[in-house]
Amino acid sequence: MLEELLKIREEALKRLEEVESESDLSELNVSFLGRNGALTSILRTMSKLAPEERAKLGKEANEVKQFLAERFDFVRSAIEKKAEERRIKAETVDVTLPGTVDIPMGKLSPLTVVYRQIRDALIGLGFTTFEGPEIEYDDYNFTKLNLPLNHPARDMQDTFYINDKVLLRTHTSPCEARALMTLKPPFRVVIPGRVFRVDEPDASHSPVFMQMEGLVVDRNLTIADLKGTIDTFVKAVFGENVKSRLRPSYFPFTEPSAEVDISCTICGGKGCSSCKGTGWMEIMGCGITNPHEIENCGLDPNEWRAFAFGVGVDRVACLKYGINDIRLLYEGDARFLRQL
Ligand code: DAH
């Protein structure tokens, strides 16, 4: 009987080595240690033995049983570990694989592209950004900028008034006053923002559009500094071959004032229908800041000089991309944006 016990032990160990899955293992468990298993059957027949032999064999049989139970446990945890490893491996996702679904990518609005190009060119010249409110005081939008009440130039811009003193800003120029009153000169700021005017929307008008204002305050500024600054950003947006020029004009907040023209982006300056044969296209206003504005904002015009410019980002975007209707910039039509 002892021999039989050892044989069972040998046999169980041998079969354990061949076990590959949990179900193999539980089958094996049943056939050796189960209620009708080989080992259990032997234990059952022991009652027929003489007490002395029974004790000896019983001890032996229990040892075999315990030994096998431990081996089974060991193999079970090895199988479980392997299964877990297989599961983790199967679940691993290679995040570098290309996707199976073609997700259409969004695009920056041409306004954002142009805004960033101008801003970055100016930041390269030492400018920082500055912002002000869209709902503004009449005082900042007009009066401080040398446009007192009843000044005829107030009619240059049709204004959405909220009440006598408060309006939707008609340009980013009121932020010039805010900058002059809060920043310590010398400074250079670029001021982006939405502006509002009473206008019927059509191909070249929108009641809301985007401007960028530049303001430089220092002690010894000249028109050459203004011209160089403007030429730098014109070239950053339109390319190195595009020329810029200043043409005398009038703005209440600058003296002298000028319009900036760039060489026609369509014909390169030869003259075509887009530039009405002149070879030039107007893009913005600028000038040496009027000493009245500097004084109105609390600085000494004998000590500080400034120059400024205000550019319509919409207009620049339309010129750069050959867009013939400003409304397209605001409608967010993906078919339009996809073409750019
Ligand atoms: N604020 C003017 C406008 O909206 C544009 C402008 C012209 C701004 C000349 C300036 C400037 O700073 O110097 O039409």
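What follows is calculated from the coordinates using simple rules that are stated; it is not laboratory data. For clarity, every value in this text was computed on a predicted model and none was experimentally measured. So basically every Cβ, Gly included, is an ideal-geometry build from the backbone, and we count neighbours across all protein chains shown.
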For a quick check: sort Leu149, Leu16, Leu108 by the number of other beta carbons within 10 angstrom, fewest at the front. Leu149, Leu108, Leu16
Any chance you could give the angle, 0 to 90 degrees and rounded to 10, that helix 51-91 forms with the longest Cα principal axis of the chain? 20
How far is helix 110-123 tilted, in degrees, relative to the longest principal axis of the Cα atoms in the chain, given as a value from 0 to 90 rounded to the nearest 10? 80
Residues with beta-carbon under 12 Å from that of Asp325, excluding Asp325: net charge, scoring Lys, Arg +1 and Asp, Glu -1? -3
Plugging the Cβ-Cβ distance of Asp155 and Met105 into 1/(1 + (r/R0)^6) at R0 = 45 Å yields, to the nearest 0.05, a FRET efficiency of 0.50
Are any of the pairs Lys107/Lys270; Lys165/Lys243; Lys7/Lys48; Lys184/Lys227; Lys235/Lys276 more than 30 Å apart by Cα-Cα distance, and if so, which? Lys107/Lys270; Lys165/Lys243
Residues whose built amide H sits under 5 Å from the amide H of Leu221, excluding neighbours closer than 5 in sequence, are Arg305
With -39,500 (n - 2.57) per DSSP H segment of 4 or more residues and division by the full residue count of the chain, the 222 nm estimate, nearest 500 deg cm²/dmol, is -13500 deg cm²/dmol
Roughly speaking, what is the centre-to-centre gap between the range 116-141 and the range 22-43 when only Cα atoms are used, to the nearest Å? 85
Rounded to 5, the percent of DSSP beta bridges in the chain classed as antiparallel: 95
Linear extension gain, Val95 paired with Lys14, 0.36 nm per residue minus alpha-carbon span: 24.8 nm
Note down the net charge around Met210, summing +1 for each Lys or Arg and -1 for each Asp or Glu among other residues with Cβ under 13 Å from its Cβ. +2
Would you list Thr254, Thr40 from fewest to most Cβ contacts within 10 Å? Thr40, Thr254
Each residue of the range 273-283 in turn: what ³J(HN,Hα) in whole Hz from Karplus with 6.51, -1.76, 1.60 and θ = phi - 60°, glycine and Pro shown as x? 5, 5, 9, 6, x, 7, x, 10, 10, 7, 10
Per-selection metrics, the chain (Cα): Rg and Dmax in Å: 42.8, 130
To the nearest 0.05, the calculated FRET efficiency linking Asp225 and Arg116 through their beta-carbon distance, R0 being 25 Å, is 0.60
